Amino acid sequence: MAESVCRTLRDGALEGELAPALTIKDTAASPFGFDVFSHVLSQLSSFTLAGKSQFRGIVVVAFTRSPSFYVELLKGRGIDIACSSKWIQILDCYTDRLGWKDKLLEVGNGMEISYEVSGMGHICKDVRDLDKLYSLILDLGKGLVGQGKDRFSVAIDSVDEMLRYASVSRVAALLSNLRSHDQISSIYWLTHSDLHEVRVTSILEYMSSIVASIEPLSRSANGQRWNLENLSLSEHDFGNGKLNVRFKRRNGRVRVMSENFDIEHSGIKFTSLSSEDGIINQGLLPKVQFNLELSEKEQIERAKVVLPFEHQGNGRPIQIYDGRRSVEETYGSSQNSGNMDNSGSGEIIYFRDSDDEKPDSDEDPDDDLDI
């Protein structure tokens, strides 16, 4: 299921459509969002190097980790970064996001200020200027793929840091502009939903074509989450959890999938749900005021219903009344039928208004069909 997410981002956008967007959200109860983010980044990096993705490069907007961290991360996942500058660039919003180091140098207080040297990106010294941030992302991406029709992917390791310095409307506008840019193939970002109001996370999810929610495995007997304050460290599962993914299809349909995961030294490992965990799929049914399933008695009663226009000879000649018989014939026929079959079933008798009525007006148009 996590591989389906990576494949969707790998395949990118169709001509004239918005780029696929993934929101990865976690909580304090299961803080493994960055592990999922790292997994997606590693998979897409492998696709890029193998030439299997729509995009030819990746731009990582690093708010919570330094560029050297991502270099070591990709090395640890067995990804060759010897020529990394040709397919990945890192926009460093971690080292000096507000430009304080430059201001200290201007004051000349004698402090030794150092910047991390990296040939894979550019240092952003004012993350509050989202227009400048947008331009830097595009510049780094175009530096990888050029000005033609080739595309690149964008990874933002924390929308939360952006929301610290800008309003949700401005951040949403930035994400929307990135997603609608012709040269951006896909975009994904990480957020900690506990830090925001529900409306903020709802906006991020609304803008996404894929939403990956991380939740803990521990649940109470009635299906509700345990209160973390009531759990000791030994009772809490810090190394595993459940990943729920919601896909929004182009035709408007929504598909929801779930997987368990375990955090290992080499990274995150996903496993399919066991049979007892299949209850999550049942919980996806809409909550309505009527029963969607039929009982055994209701199924038997439904089987006895004679469908309209269904020929039920029951061994007798099939006769379809055409409305042209006289009143006497009709009454006589109804009396005879009452003697032959007194099962209590009803009968509809139709009388023509007049003989001037057109012959075809009261005929069954489907009379010649053996339905």
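Using heavy-atom solvent-accessible surface (probe 1.4 Å) with all chains present, what is the largest-first order of Arg253, Arg170?
On the way: Arg253 170, Arg170 105 Å².
The ordering from most to least exposed comes out as Arg253, Arg170.
Considering only protein heavy atoms, what is the solvent-accessible area of Met257 at a probe of 1.4 Å, reported in Å² to the nearest 10?
Approximately 50 Å² of Met257 is accessible to the 1.4 Å probe.
So, for region 131-183, what is the accessible surface per residue at a probe of 1.4 Å, expressed in square angstrom?
That works out to 42 Å² for each residue.
Length gain on complete extension for the stretch Gln147 to Asn177, per 0.36 nm per residue less the alpha carbon to alpha carbon distance?
9.1 nm
Once you've got the Cα coordinates, tell me which of Lys52/Lys142; Lys52/Lys132; Lys52/Lys149; Lys86/Lys149; Lys248/Lys269; Lys103/Lys142 are over 21 Å apart. Kindly include the intermediate steps, with their values, before the conclusion.
Working: Lys52/Lys142 19 Å; Lys52/Lys132 31 Å; Lys52/Lys149 17 Å; Lys86/Lys149 17 Å; Lys248/Lys269 24 Å; Lys103/Lys142 30 Å.
Long pairs (Cα-Cα over 21 Å): Lys52/Lys132; Lys248/Lys269; Lys103/Lys142.
Report the local net charge at Phe152: Lys and Arg +1, Asp and Glu -1, summed over other residues whose C-beta lies under 14 Å from its C-beta.
+4
In terms of modelled amide H atoms, which long-range or inter-chain residues lie less than 5 Å from the amide H of Leu273?
Hits under the 5 Å cutoff: Asn260.
Once the dipole of region 1-79 is set up with Lys and Arg at +1 and Asp and Glu at -1 on Cβ about the Cα centre, which of Ile79, Gln43, Cys6 lies farthest towards its positive end?
Highest projection toward the positive end goes to Ile79.
What FRET efficiency would be calculated for the residue pair Asn291, Glu347, taking the C-beta separation as r and a Förster radius of 41 Å, to the nearest 0.05?
0.80
In what order, largest first, do Cys93, Cys83 sit by accessible area if the probe radius is 1.4 Å?
Cys83, Cys93
Determine the gain in length on full extension of the stretch Arg250-Asp102; use 0.36 nm per residue of separation and subtract their C-alpha separation, reporting nm with one decimal.
In short, 48.6 nm is gained.
Which FRET efficiency, nearest 0.05, do Ser135 and Leu273 yield, Cβ-Cβ r, R0 30 Å?
Computed FRET efficiency for Ser135 and Leu273: 0.10.
Can you give me the solvent accessible area of Leu175 with a 1.4 Å probe, rounded to the nearest 10 Å²?
Answer for Leu175: close to 0 Å² accessible.
What is the sum of charges around Phe34, taking Lys and Arg as +1, Asp and Glu as -1, for the other residues whose C-beta is under 11 Å from the C-beta of Phe34?
Values: positive: Arg65; negative: Asp26, Asp35, Asp157.
Taking every other residue near Phe34 into account, the sum is -2.
Taking a ≥ b ≥ c as the square roots of the eigenvalues of the Cα gyration tensor of region 1-51, is the shape rounded (a/c under 1.5), prolate (a/b larger than b/c) or oblate?
Working: a/c = 2.99, a/b = 1.55, b/c = 1.93.
It comes out oblate by the Cα gyration axes.
When Lys and Arg each count +1 and Asp and Glu each count -1, what net charge do the other residues less than 13 Å away from Arg249, Cβ to Cβ, add up to?
Values: positive: Arg246, Lys248, Arg250, Arg253, Arg255; negative: Glu17.
Surrounding charge for Arg249 is +4.
Using 0.36 nm per residue, how much length does the chain from Thr64 to Leu195 gain when fully extended, once their Cα-Cα distance is taken away? Could you put the intermediate results ahead of the total?
Values: separation 131, 0.36 × 131 = 47.16 nm, distance 1.52 nm.
Stretched out fully, the Thr64 to Leu195 stretch lengthens by 45.6 nm.
Let me make sure I get this right: for region 1-92, a, b and c are the square roots of the gyration tensor eigenvalues over alpha carbons, sorted descending. Under 1.5 in a/c it's rounded, otherwise prolate if a/b > b/c, else oblate. Which is it?
oblate
The values are calculated or read from the model by the stated rules, or taken from the named source; none is laboratory data. Bear in mind the structure is a predicted one, so any value in this text is a computation, not a measurement. Please note: Cβ atoms are built from the backbone with ideal geometry, for glycine as well, and neighbour counts cover all protein chains shown. SASA here: full protein model, heavy atoms, side chains in, ligands and nucleic acids out. Shrake-Rupley method; radii C 1.70, N 1.55, O 1.52, S 1.80 Å.
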